[in-house]
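**Student:** This is the structure I have questions about; it appears just below.
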Amino acid sequence: MSAPQLKIKDFGVSIEGKEILKNFSLDIKGGEIHAIMGPNGTGKSTLASSLMGHPSYEVTAGSVELDGEDVLDMEVDERARAGLFLAMQYPSEISGVTTADFLRSAINANREEGDEISLMKFIRTLDEKMNVLEMDNSFSQRYLNEGFSGGEKKRNEILQMLMLQPRVCILDEIDSGLDIDALKVVSKGVNDLRSPDRAFLIITHYQRLLNYITPDFVHVMMQGRIVKSGGPELAQRLEAEGYDWIKQELGIKDETVGQEA
Ligand SMILES: Nc1ncnc2c1ncn2[C@@H]1O[C@H](COP(=O)(O)OP(=O)(O)OP(=O)(O)O)[C@@H](O)[C@H]1O
Ligand SMILES: [Mg+2]
(Lines give C-alpha, C1' and ligand atoms only; values in the text may rest on other atoms or scores of the structure.)
(Ligands and ions follow the chains in the order given, each with its own letter.)
Protein backbone atom coordinates (compact mmCIF):
# COMPACT_ATOMS: atom_id res chain seq x y z
CA MET A 1 0.00 0.00 0.00
CA SER A 2 1.20 3.50 -0.72
CA ALA A 3 0.25 6.89 0.66
CA PRO A 4 -2.89 8.16 -1.08
CA GLN A 5 -3.12 11.58 -2.68
CA LEU A 6 -6.60 12.93 -3.26
CA LYS A 7 -6.88 16.14 -5.23
CA ILE A 8 -10.24 17.84 -5.52
CA LYS A 9 -10.15 20.87 -7.78
CA ASP A 10 -12.91 23.41 -8.54
CA PHE A 11 -15.45 20.63 -7.99
CA GLY A 12 -19.02 21.53 -8.94
CA VAL A 13 -22.02 19.29 -8.25
CA SER A 14 -25.75 19.71 -8.88
CA ILE A 15 -28.80 17.75 -7.89
CA GLU A 16 -32.03 18.06 -9.81
CA GLY A 17 -30.68 21.18 -11.46
CA LYS A 18 -29.80 22.79 -8.14
CA GLU A 19 -26.17 23.73 -7.76
CA ILE A 20 -24.83 22.40 -4.45
CA LEU A 21 -21.03 22.31 -4.62
CA LYS A 22 -19.31 25.19 -6.32
CA ASN A 23 -15.56 25.71 -6.71
CA PHE A 24 -14.80 23.16 -4.03
CA SER A 25 -11.07 22.51 -3.79
CA LEU A 26 -9.11 20.40 -1.30
CA ASP A 27 -5.92 18.33 -1.32
CA ILE A 28 -5.62 15.40 1.07
CA LYS A 29 -2.52 13.29 1.57
CA GLY A 30 -1.74 10.04 3.37
CA GLY A 31 -1.27 10.48 7.11
CA GLU A 32 -3.54 13.52 7.26
CA ILE A 33 -6.85 13.95 9.02
CA HIS A 34 -9.04 16.73 7.63
CA ALA A 35 -12.16 17.75 9.53
CA ILE A 36 -14.96 19.48 7.68
CA MET A 37 -17.42 21.51 9.70
CA GLY A 38 -20.13 23.91 8.65
CA PRO A 39 -23.76 24.81 9.21
CA ASN A 40 -26.61 22.55 8.04
CA GLY A 41 -27.29 22.50 4.33
CA THR A 42 -23.90 23.75 3.17
CA GLY A 43 -23.07 20.70 1.05
CA LYS A 44 -21.01 18.47 3.34
CA SER A 45 -22.91 15.23 2.70
CA THR A 46 -23.18 16.13 -0.97
CA LEU A 47 -19.39 16.29 -1.10
CA ALA A 48 -19.10 12.88 0.58
CA SER A 49 -21.69 11.20 -1.66
CA SER A 50 -20.44 12.70 -4.89
CA LEU A 51 -16.84 11.66 -4.12
CA MET A 52 -18.15 8.09 -3.80
CA GLY A 53 -20.06 8.41 -7.07
CA HIS A 54 -23.65 8.44 -5.86
CA PRO A 55 -25.73 8.42 -9.06
CA SER A 56 -28.15 11.20 -7.98
CA TYR A 57 -25.42 13.82 -8.14
CA GLU A 58 -24.39 15.43 -11.39
CA VAL A 59 -20.82 16.63 -11.64
CA THR A 60 -20.85 19.98 -13.42
CA ALA A 61 -17.26 21.16 -13.05
CA GLY A 62 -13.77 20.41 -11.83
CA SER A 63 -11.76 17.29 -11.22
CA VAL A 64 -11.12 14.68 -8.55
CA GLU A 65 -7.93 12.65 -8.76
CA LEU A 66 -6.68 9.85 -6.54
CA ASP A 67 -2.98 9.12 -7.09
CA GLY A 68 -3.26 10.91 -10.42
CA GLU A 69 -6.18 8.74 -11.61
CA ASP A 70 -9.45 10.37 -12.61
CA VAL A 71 -11.95 9.37 -9.91
CA LEU A 72 -14.93 10.95 -11.68
CA ASP A 73 -14.42 8.50 -14.52
CA MET A 74 -14.74 5.50 -12.19
CA GLU A 75 -17.86 3.53 -11.27
CA VAL A 76 -18.73 3.26 -7.57
CA ASP A 77 -17.13 -0.19 -7.24
CA GLU A 78 -13.95 1.02 -8.94
CA ARG A 79 -13.76 3.89 -6.48
CA ALA A 80 -14.02 1.41 -3.61
CA ARG A 81 -11.31 -0.72 -5.16
CA ALA A 82 -9.11 2.35 -5.51
CA GLY A 83 -9.47 2.71 -1.74
CA LEU A 84 -12.25 5.24 -1.23
CA PHE A 85 -14.69 4.56 1.59
CA LEU A 86 -17.70 6.44 2.93
CA ALA A 87 -19.30 5.94 6.32
CA MET A 88 -22.72 7.44 5.67
CA GLN A 89 -24.61 10.00 7.74
CA TYR A 90 -27.73 7.87 7.33
CA PRO A 91 -26.72 4.21 6.72
CA SER A 92 -29.33 2.19 4.82
CA GLU A 93 -31.00 -0.93 6.10
CA ILE A 94 -30.75 -3.96 3.84
CA SER A 95 -33.18 -6.70 4.66
CA GLY A 96 -32.22 -10.28 3.78
CA VAL A 97 -28.47 -9.63 3.81
CA THR A 98 -26.64 -10.32 7.05
CA THR A 99 -23.95 -7.95 8.22
CA ALA A 100 -21.35 -10.72 7.92
CA ASP A 101 -22.37 -11.62 4.35
CA PHE A 102 -22.33 -7.99 3.36
CA LEU A 103 -18.86 -7.44 4.79
CA ARG A 104 -17.48 -10.57 3.15
CA SER A 105 -18.87 -9.55 -0.24
CA ALA A 106 -17.50 -6.04 0.19
CA ILE A 107 -14.02 -7.39 1.02
CA ASN A 108 -14.07 -9.81 -1.89
CA ALA A 109 -15.31 -7.14 -4.28
CA ASN A 110 -12.08 -5.28 -3.52
CA ARG A 111 -9.92 -8.34 -4.24
CA GLU A 112 -8.97 -10.13 -7.42
CA GLU A 113 -10.93 -13.17 -8.54
CA GLY A 114 -9.34 -16.30 -7.08
CA ASP A 115 -7.89 -14.28 -4.20
CA GLU A 116 -11.04 -14.20 -2.05
CA ILE A 117 -10.62 -14.06 1.72
CA SER A 118 -10.90 -17.52 3.33
CA LEU A 119 -13.89 -18.09 5.58
CA MET A 120 -11.60 -18.81 8.54
CA LYS A 121 -9.60 -15.65 8.07
CA PHE A 122 -12.77 -13.62 7.56
CA ILE A 123 -14.34 -14.89 10.77
CA ARG A 124 -11.15 -14.34 12.73
CA THR A 125 -10.82 -10.77 11.46
CA LEU A 126 -14.49 -10.03 12.02
CA ASP A 127 -14.29 -11.28 15.63
CA GLU A 128 -11.20 -9.21 16.25
CA LYS A 129 -12.68 -5.98 14.83
CA MET A 130 -16.01 -6.46 16.60
CA ASN A 131 -14.03 -6.83 19.81
CA VAL A 132 -12.26 -3.54 19.20
CA LEU A 133 -15.63 -1.86 18.72
CA GLU A 134 -17.15 -3.69 21.69
CA MET A 135 -19.93 -5.04 19.47
CA ASP A 136 -21.87 -8.12 20.37
CA ASN A 137 -21.18 -11.02 17.98
CA SER A 138 -24.88 -11.47 17.31
CA PHE A 139 -24.82 -8.32 15.15
CA SER A 140 -22.93 -10.14 12.42
CA GLN A 141 -25.87 -12.47 11.87
CA ARG A 142 -28.51 -9.73 11.84
CA TYR A 143 -29.69 -8.18 8.61
CA LEU A 144 -27.58 -5.15 7.71
CA ASN A 145 -28.65 -2.24 9.92
CA GLU A 146 -32.20 -3.56 10.18
CA GLY A 147 -33.57 -2.50 13.53
CA PHE A 148 -30.13 -1.26 14.60
CA SER A 149 -30.27 1.75 16.89
CA GLY A 150 -28.76 5.00 15.58
CA GLY A 151 -25.56 4.39 17.52
CA GLU A 152 -25.35 0.73 16.45
CA LYS A 153 -25.58 1.76 12.80
CA LYS A 154 -22.69 4.18 13.26
CA ARG A 155 -20.60 1.52 14.97
CA ASN A 156 -21.41 -0.80 12.08
CA GLU A 157 -20.11 1.76 9.58
CA ILE A 158 -16.82 1.84 11.49
CA LEU A 159 -16.77 -1.96 11.53
CA GLN A 160 -16.94 -1.85 7.73
CA MET A 161 -14.05 0.57 7.70
CA LEU A 162 -11.93 -1.63 9.97
CA MET A 163 -12.69 -4.68 7.82
CA LEU A 164 -12.02 -2.98 4.48
CA GLN A 165 -8.94 -1.00 5.56
CA PRO A 166 -9.59 1.72 2.95
CA ARG A 167 -6.95 4.26 1.94
CA VAL A 168 -9.22 7.30 2.02
CA CYS A 169 -11.86 7.21 4.74
CA ILE A 170 -14.71 9.69 4.51
CA LEU A 171 -16.78 9.74 7.70
CA ASP A 172 -20.02 11.72 7.55
CA GLU A 173 -21.22 12.67 11.03
CA ILE A 174 -19.98 9.42 12.50
CA ASP A 175 -20.43 10.96 15.95
CA SER A 176 -24.08 11.94 15.65
CA GLY A 177 -26.25 9.79 17.88
CA LEU A 178 -23.35 8.16 19.70
CA ASP A 179 -23.29 8.08 23.48
CA ILE A 180 -20.03 9.10 25.18
CA ASP A 181 -18.74 5.53 25.57
CA ALA A 182 -19.54 4.70 21.94
CA LEU A 183 -17.84 7.91 20.84
CA LYS A 184 -14.66 6.78 22.57
CA VAL A 185 -14.86 3.30 21.07
CA VAL A 186 -15.47 4.62 17.55
CA SER A 187 -12.65 7.15 17.94
CA LYS A 188 -10.33 4.35 19.02
CA GLY A 189 -11.28 2.47 15.85
CA VAL A 190 -10.33 5.51 13.78
CA ASN A 191 -7.11 6.18 15.68
CA ASP A 192 -6.03 2.54 15.31
CA LEU A 193 -6.30 2.96 11.54
CA ARG A 194 -4.32 6.19 11.44
CA SER A 195 -1.30 5.61 9.24
CA PRO A 196 0.91 7.34 6.67
CA ASP A 197 -0.81 5.15 4.08
CA ARG A 198 -4.27 6.37 4.92
CA ALA A 199 -6.13 9.69 4.91
CA PHE A 200 -9.31 10.77 6.67
CA LEU A 201 -11.99 13.29 5.80
CA ILE A 202 -14.18 13.66 8.85
CA ILE A 203 -17.40 15.63 8.66
CA THR A 204 -18.72 16.70 12.04
CA HIS A 205 -20.75 19.38 13.78
CA TYR A 206 -19.04 19.00 17.11
CA GLN A 207 -15.63 19.86 18.41
CA ARG A 208 -16.10 17.06 20.96
CA LEU A 209 -15.22 14.37 18.40
CA LEU A 210 -12.01 16.23 17.64
CA ASN A 211 -10.97 15.87 21.30
CA TYR A 212 -10.65 12.18 20.56
CA ILE A 213 -9.50 12.33 16.96
CA THR A 214 -7.04 15.17 16.55
CA PRO A 215 -7.29 16.61 13.05
CA ASP A 216 -4.38 18.16 11.18
CA PHE A 217 -6.70 20.58 9.39
CA VAL A 218 -10.16 21.96 10.07
CA HIS A 219 -12.18 23.40 7.18
CA VAL A 220 -15.44 25.31 7.26
CA MET A 221 -17.93 24.82 4.44
CA MET A 222 -20.48 27.42 3.39
CA GLN A 223 -22.30 27.78 0.09
CA GLY A 224 -20.89 24.48 -1.15
CA ARG A 225 -17.21 25.29 -0.78
CA ILE A 226 -14.48 25.74 1.81
CA VAL A 227 -14.50 29.30 3.08
CA LYS A 228 -12.00 28.99 5.91
CA SER A 229 -9.28 26.56 6.98
CA GLY A 230 -7.17 26.26 10.09
CA GLY A 231 -5.94 23.83 12.71
CA PRO A 232 -7.77 22.27 15.68
CA GLU A 233 -8.04 25.74 17.28
CA LEU A 234 -10.53 26.72 14.57
CA ALA A 235 -12.92 23.98 15.76
CA GLN A 236 -12.57 25.27 19.30
CA ARG A 237 -13.45 28.79 18.27
CA LEU A 238 -16.50 27.52 16.35
CA GLU A 239 -17.66 25.59 19.40
CA ALA A 240 -17.38 28.73 21.53
CA GLU A 241 -18.63 31.33 19.07
CA GLY A 242 -20.61 29.61 16.33
CA TYR A 243 -20.37 30.63 12.67
CA ASP A 244 -21.51 34.27 12.66
CA TRP A 245 -18.00 35.71 12.94
CA ILE A 246 -16.92 33.86 9.79
CA LYS A 247 -19.95 35.12 7.90
CA GLN A 248 -19.21 38.66 9.04
CA GLU A 249 -15.53 38.36 8.22
CA LEU A 250 -16.30 37.14 4.71
CA GLY A 251 -19.46 39.17 4.13
CA ILE A 252 -21.63 36.06 3.70
CA LYS A 253 -25.33 36.70 4.34
CA ASP A 254 -26.71 33.21 3.74
CA GLU A 255 -24.39 30.24 4.20
CA THR A 256 -26.66 27.61 2.63
CA VAL A 257 -26.02 26.39 -0.89
CA GLY A 258 -27.24 28.16 -3.99
CA GLN A 259 -26.67 31.63 -2.53
CA GLU A 260 -24.57 34.19 -4.32
CA ALA A 261 -23.19 36.20 -1.42
N1 LIG B 1 -32.04 15.04 -3.57
C2 LIG B 1 -32.05 16.36 -3.31
N3 LIG B 1 -32.98 17.17 -3.86
C4 LIG B 1 -33.00 18.49 -3.60
N5 LIG B 1 -32.10 19.10 -2.80
C6 LIG B 1 -31.17 18.35 -2.25
C7 LIG B 1 -31.06 16.94 -2.47
N8 LIG B 1 -30.01 16.46 -1.78
C9 LIG B 1 -29.48 17.54 -1.15
N10 LIG B 1 -30.16 18.65 -1.42
C11 LIG B 1 -29.93 19.99 -0.88
O12 LIG B 1 -28.57 20.29 -0.95
C13 LIG B 1 -28.19 21.08 0.16
C14 LIG B 1 -26.97 20.50 0.82
O15 LIG B 1 -27.32 19.26 1.43
P16 LIG B 1 -26.26 18.39 2.23
O17 LIG B 1 -26.94 17.16 2.69
O18 LIG B 1 -25.05 18.23 1.39
O19 LIG B 1 -25.94 19.36 3.46
P20 LIG B 1 -25.04 19.10 4.76
O21 LIG B 1 -24.02 20.18 4.77
O22 LIG B 1 -24.56 17.69 4.80
O23 LIG B 1 -26.09 19.38 5.93
P24 LIG B 1 -26.24 18.68 7.39
O25 LIG B 1 -25.22 19.35 8.25
O26 LIG B 1 -27.62 19.06 7.81
O27 LIG B 1 -26.03 17.21 7.25
C28 LIG B 1 -29.40 21.16 1.08
O29 LIG B 1 -30.03 22.40 0.87
C30 LIG B 1 -30.26 20.04 0.60
O31 LIG B 1 -31.63 20.28 0.80
MG1 LIG C 1 -24.95 16.09 6.01
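The values are calculated or read from the model by the stated rules, or taken from the named source; none is laboratory data. None of these values were measured; they are calculated from a predicted model. With ideal geometry, Cβ positions are generated from the backbone for all residues, glycine too; neighbour counts draw on all protein chains shown.
**Student:** What is the number of the single condition among (1) closer than 23 Å to Leu209 by Cα; (2) crowded, with 21+ Cβ neighbours inside 10 Å; (3) more than 11 Å from ligand 1 (Cβ to nearest atom) that Glu32 does not meet?
**Tutor:** Every listed condition holds for Glu32 apart from (2).
Quick grid of which residues meet (1) surrounded by fewer than 17 Cβ atoms within 10 Å (Cβ to Cβ); (2) assigned to a helix (DSSP H, G or I):
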{"site": "Ala61", "(1), (2)": "yes, no"}
{"site": "Val64", "(1), (2)": "no, no"}
{"site": "Arg81", "(1), (2)": "yes, yes"}
{"site": "Lys129", "(1), (2)": "no, yes"}
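**Student:** Could you give me the residue pairs with C-beta distances under 9 Å whose first residue belongs to region 44-63 and is under 15 Å from Leu26 (Cα atoms), whose second residue is basic (Lys, Arg) and more than 8 Å from ligand 1 (Cβ to nearest atom) wherever it lies, and which are 6+ apart or on separate chains?
**Tutor:** Leu51/Arg79; Ala61/Lys22; Gly62/Lys9; Ser63/Lys7; Ser63/Lys9
**Student:** Exactly one of these conditions fails for Phe102: (1) under 21 Å from Asp175 (Cβ atoms); (2) away from ligand 2 (no atom under 16 Å from the Cβ). Give me its number.
**Tutor:** (1)
**Student:** Going by what's in this entry, would Asp192 be described as of a type in the set (D, E, K, R), in a loop (DSSP other than H, G, I, E, B) and out of contact with any strand residue (DSSP E or B) (no Cβ under 8 Å at 6 or more places or on another chain)? Please lay out each step first, then the result.
**Tutor:** Details: of a type in the set (D, E, K, R): yes; in a loop (DSSP other than H, G, I, E, B): no; out of contact with any strand residue (DSSP E or B) (no Cβ under 8 Å at 6 or more places or on another chain): yes.
So Asp192 fails the test.
**Student:** Further, regarding this structure: Only one of (1) in a loop (DSSP other than H, G, I, E, B); (2) under 15 Å from the mean Cα position of the chain (by Cα) fails for Leu26. Which number is that?
**Tutor:** (1)
**Student:** Listed residues Leu51, Leu6, Leu26; which is closer than 14 Å to Leu171 by Cα and either within 11 Å of ligand 1 (Cβ to nearest atom) or not β-branched (Val, Ile, Thr) (or both)? If you could, list the steps in order and put the result at the bottom.
**Tutor:** On the way: Leu6 fails: closer than 14 Å to Leu171 by Cα; Leu26 fails: closer than 14 Å to Leu171 by Cα.
On inspection, the qualifying residue turns out to be Leu51.
**Student:** On to the next question. Between a first residue in region 109-124 that is among the hydroxyl-bearing types (Ser, Thr, Tyr) and a second residue that is at pLDDT below 95 and exposed (fewer than 11 other Cβ atoms within 10 Å of the Cβ), which pairs have beta carbons less than 8 Å apart while being 6 or more apart in sequence or on different chains?
**Tutor:** Nothing qualifies.
**Student:** Restricting attention to region 29-53, which residues are in a strand (DSSP E or B) and within 13 Å of the chain's Cα centre (by Cα)? Spell out the reasoning first.
**Tutor:** Looking only at region 29-53, we keep the residues that are in a strand (DSSP E or B), and these are 29, 33-37.
Within region 29-53, Ile33, His34, Ala35, Ile36, Met37 meet the criteria.
**Student:** Return the residue satisfying two criteria in turn: it lies in region 144-163 and is in contact with a Ser or Thr (Cβ under 7 Å, 6 or more places away or on another chain) and closer than 22 Å to Asn110 by Cβ, and of such residues it is surrounded by the most Cβ atoms within 10 Å (Cβ to Cβ). If you could, list the steps in order and put the result at the bottom.
**Tutor:** Step one: list which residues in region 144-163 are in contact with a Ser or Thr (Cβ under 7 Å, 6 or more places away or on another chain), which gives 144-146, 156, 163.
From the residues that got through so far, the ones that are closer than 22 Å to Asn110 by Cβ too are 144-145, 156, 163.
Working: Leu144: 22, Asn145: 21, Asn156: 24, Met163: 21.
Selected residue: Asn156.
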